Amino acid sequence: MKTPFYKKAIPHIIAVVVFLIIAVIYCRPALEGKVLQQHDIVSWKGMAQNTFEYKERNGHFPLWNTYLFSGMPNYQISIDGKSFLPNFHAIITLGLPKPISFFFLACVCFYILCQVLRMNYLVSILCSLAFAYCTYDPVIISVGHESKMVAIAYMPGVLAGLFLIYQKKYWPGLAVTAFFATWEIAYNHPQITYYLLIAIAIITLGFVTIWIKAREWKHTAIALSLAALAAFIAFANCSITLLTTREYAQYTMRGGKTIDINGTDIKKVDTKGLDPDYAFQYSFGKGEFLTFLMPYAYGGSSGEVFEDDSKLVTVLTDKNIPESDAVQLAASLPKYWGGIEPSTSGPVYFGAIIFILAIISLIVVKNEIRWWILGAVIFTLFMSWGSYLPWFNNFLFNNLPLYNKFRAPSMSLVIPQLLMPLLAGMALQQIFFTPDTREQLQKSLKPLLYAIGGIFLTMILVYIFNDFSGGVDKQIMDAYGNPQSGNPEIARTIVNALKEARKAMFTAGFFRVLGFAALVIGLIYMYLKNIIKPAVAIIIFLLVNTIDLFAIGSKYLNSDSFIDPETYQSDNFAPTAVDQQILNDKDPHFRVFNLSPDRFNDAVTSYHHRSVGGYHAAKLSLYQDLIAAQLSRSPLNMPVLNMLDTRYFIIPASQQQPTASLQKNEEALGAAWFVKNITYVNGAVEEIKALDNFNPKDTAYLDISLKPKTSIAINADSTASIKLVKYDNDAIQYSSSAKANQFAVFSEIYYPAGWNAYIDGNKAEYVKTDYLLRGMEVPAGNHTIDFKFEPASYSTGQQLSYVGNALFWLAILMAGLALWKQRKKTEVQ
């Protein structure tokens, strides 16, 4: 008898309701209108504020941002384009507020993946919650990595679509893959998508191997072709973002560099990506994979310190250090002692139950693809070790396409986060819902016990061969160990006490896992002995694992993380008295330099002013060079700041001056000026060194290669003038008047991939001047000079997105027809 549709839908409705309730409980303050205080989002709002104001006036985001680093493309901050696709993201997240929507979305996408693999709905709920509430997610949400979180949430949806294709459900698979891949890419976190593609490649290779063994040549060709088509549709739908990002990346720190700056030492280089030392920051310590099932084995986060009743305090007091001093000292020392440098915001904890079940899956699951899933886990784990596994990661860095554009290798752990719950779900499905598995397990429990024993053996070996040293130990020895100013014996006592405390944390984690392992073995054993039903065992797993993840995750994201919107706005963006003074200046072109210590890691100044500083993960390489060689100098290089039209300096508060103050610079050169001389230099090194001591008002420095393009003679003309007429993000206009030919320098950042110059409406050539500004020959007479930002990558991306939209709707239509035909066929049968 055919099951009515509503009865089929009930388990899925239950799942969605569970996901919604749990997300609401976990993020309840969001329903009250409160918002998270997130460092990275505060920075993003600062750098994006001007672009939102621009959109209010013009109906679209600008392509150029004038408010940070003296100007840069707006592509990685805020961008939009025309599309025939509705906002599916808002639909699938039910319009829920952040961060409720993040957790809900992650659960729904993983649930879809589990259903594609035909898992029981309770198993699917358990694994979906495990994926969504892995502690990495609360940690990154708390600091504001929202685009990363959404990209993570969509990963299982992409995998679900591919599995449908590989199961020969071709049209539905194409539609599902294209749908989720579109939104995966749209949230523009290329590094997460990159790791997902690596995992997909490994798992797909496993399927191809199976198909080739079975001689399924036709299916292999169709499946790979449809997977490629789905990828093309998704890339085309997001081509505006992808093409502009690709173009922009060539001009950023991630595209390589032509000079290397180390203090005053500047030399010529030719690199094609990030420096390895910079790229391998945030490498995951080799032993830290144990945090997958022991969250505090390495202390948690860099911000956590020892409590009053910790083992550290006990050991210190046993060494005759007064208790009050021991407590004070413990409160100043970080618990974290792993390998991630410079810091970590929290552990990557999957849940001990999930980890144990994932290992069990390797024993009980018969599907050969499990080994390829494990291969993807191991490969990305090796990637996360970064500088701690140099032979592997240096090879990838030098040979794997695009890999040298990314930093923070530990981010690759999003793939184990995705695949370990999947393996756990496969194990539960096999044990509780696959015929004959009960009998097989009853006959041979030994392999299962050996697998669990292997987990504990690994933990014991890590304990035995670990010296429990941490990065802070050297700092302690340096601080206390100087015989002239410190006490080496005290230093050794503190370090030894720290090691004892770390051993205690590790040991506590070991026994914690032992308890979870006993629960897993006990429930499976009771099921095999017919003491409990499968549903009871799974519900117990679900409740215990979810509560466990909540308990750990709540240390990093909880109700205290939320504040009122009014407080958020006033604490972060309310203009100060200094800001108000600057805002009273209505000149459309000048810049502000906030001299705070984090001047190049702060975008809040950009909320109100066109800033010389700012914050962005991918600065233009020319500007990064200027920061390293000129803008970080003491005393300040005023000629360079003058050419950047730096009219105001914000002097931060100090002990002598309790509030910030303002200093006006009357020497700022304005938007544009004519120079008297051009001096040619040989290469980038000479060009940036020329800025050490020069007069930008009189002399412009150009690379010798530009001499053929700047051949006109400059004649002195004291009456010559050039002034700003209109200043807009994407369009700037000047008027000039001179009796003889002149060379103009414009206080705008040189970026040839889109900025076009026009004199009286006719396209003109401009050149890189004074290392990073724009310069142009201006003929005698009265002229109108226009700069327009017209990147071809944007217009090409817009046209390609229409192609992607059309193919997307065609895939949806074909999927609908395929499902309709299947339903008709089923009704006939």
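The values are calculated or read from the model by the stated rules, or taken from the named source; none is laboratory data. Treat the numbers as computed from the prediction; the structure is a model and nothing was measured. When we count neighbours, we look across all protein chains shown, and the Cβ atoms used for this are built from the backbone with ideal geometry, even at glycine. Side chains are part of the model used for accessible areas, which takes the heavy atoms of the whole protein and leaves out ligands, DNA and RNA. Shrake-Rupley method; radii C 1.70, N 1.55, O 1.52, S 1.80 Å.
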For K443, counting only lysines whose alpha-carbon sits under 17 Å away and dropping same-chain residues fewer than eight positions off, the answer is K366, K529
Once phi for every residue in region 12-18 is put through the Karplus expression 6.51 cos²θ - 1.76 cosθ + 1.60 (θ = phi - 60°), the whole-Hz ³J(HN,Hα) values, with Gly and Pro written as x, are 6, 5, 4, 4, 4, 5, 4
Helix 39-58: inclination vs the chain longest Cα principal axis, degrees, rounded to 10, gives 60 degrees
Taking only protein heavy atoms and a 1.4 Å probe, the highest-to-lowest accessible-area order of H609, H12 is H12, H609
Going residue by residue through region 431-438, the Karplus relation 6.51 cos²θ - 1.76 cosθ + 1.60 with θ = phi - 60° gives ³J(HN,Hα) values, rounded to whole Hz and with x marking Gly or Pro, of 5, 9, 10, 10, x, 6, 5, 4
Counting only protein heavy atoms and rolling a 1.4 Å probe, one gets per residue an accessible area for the chain in Å² of 43 Å²
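Of the accessible area of the chain, with the probe set at 1.4 angstrom, what percent is carbon plus sulfur? It would help to have the intermediate numbers written out before the result.
Details: 21010 of 35970 Å².
Its accessible area is 58 percent carbon and sulfur atoms.
Assign one of three labels to region 276-385, namely rounded, prolate or oblate, based on the Cα gyration tensor with a ≥ b ≥ c the square roots of its eigenvalues; rounded applies when a/c is under 1.5, prolate when it is not and a/b is larger than b/c, and oblate otherwise. Spell out each step's value before the answer.
Values: a/c = 4.20, a/b = 1.99, b/c = 2.12.
The shape class here is oblate.
222 nm [θ] for the chain, helices only, -39500 (n - 2.57) per DSSP H run of 4+, per residue, to 500? Present the calculation step by step, with values, prior to reporting the outcome.
On the way: 30 runs with 430 residues, N = 829.
The helix contribution divided over the chain gives -17000 deg cm²/dmol.
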In terms of the charge dipole of region 1-119, which places +1 on Lys and Arg and -1 on Asp and Glu at the beta carbon, the residue among N74, A15, P99 farthest towards the positive end is A15
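State whether region 556-596 is rounded, prolate or oblate according to the following rule on the C-alpha gyration tensor (a ≥ b ≥ c being the square roots of its eigenvalues): a/c under 1.5 gives rounded; otherwise a/b larger than b/c gives prolate, and the remaining case gives oblate.
Details: a/c = 3.69, a/b = 2.55, b/c = 1.44.
Verdict is prolate for region 556-596.
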Amide H contacts under 5 Å for T252, restricted to residues at least 5 apart in sequence or on another chain and with H modeled in the peptide plane, are S621
Which residues qualify? For E304, with a placed amide H closer than 5 Å and at least 5 residues away or on another chain, they are K335, Y336
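For M477, M294, write out the residues from largest to smallest accessible area, computed with a 1.4 angstrom probe and no ligands counted. Please report the intermediate quantities before stating the final value.
Numbers: M477 70, M294 0 Å².
Ranked from most to least accessible, the order is M477, M294.
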Along the dipole axis of region 712-762 (charges at Cβ: +1 for Lys and Arg, -1 for Asp and Glu; origin at the Cα centre), the most positive-end residue among V745, A716, N729 is A716
In order over region 146-162: 3J(HN,Hα) from phi, Karplus 6.51/-1.76/1.60, θ = phi - 60°, whole Hz, x for each Gly or Pro, gives 6, 5, 5, 4, 5, 4, 4, 4, 7, 3, x, x, 4, 5, 4, x, 5
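Kirkwood Rh and Cα-based Rg: tell me the resulting Rg over Rh for region 182-243, rounded to two decimals. Kindly include the intermediate steps, with their values, before the conclusion.
On the way: Rg = 13.8 Å, Rh = 12.9 Å.
So for region 182-243, dividing Rg by the Kirkwood Rh gives 1.07.
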Projected convex hull area of the chain, Cα atoms, direction-averaged, in nm², equals 41.4 nm²
Once all protein chains are kept in place, L20 shows an accessible area at probe 1.4 Å, nearest 10 Å², of 50 Å²
Going through K257/K499; K268/K586; K405/K768; K218/K272; K148/K267 one by one, the pairs whose alpha carbons sit over 31 Å apart turn out to be K257/K499; K268/K586; K218/K272; K148/K267
Taking a straight Cα-to-Cα line shorter than 13 Å from K689, and setting aside same-chain aspartates and glutamates fewer than 8 residues away, one finds D260, D265, D625, D703, D770
Once the in-chain neighbours fewer than 8 apart are removed, the lysines whose Cα is under 16 Å from K34 read K98
Measure of exposure for C238: accessible area at 1.4 Å probe, Å² rounded to 10, is 10 Å²
With Cα coordinates, the longest principal axis of the chain makes an angle with the long axis of helix 217-237, in degrees rounded to 10, of 40 degrees
For I532, other-chain or 5+-apart residues with amide H closer than 5 Å (H placed, Pro excluded) are Y527
Longest principal axis of the chain (C-alpha) makes with the long axis of helix 170-186 (C-alpha) an angle, in degrees to the nearest 10, of 40 degrees
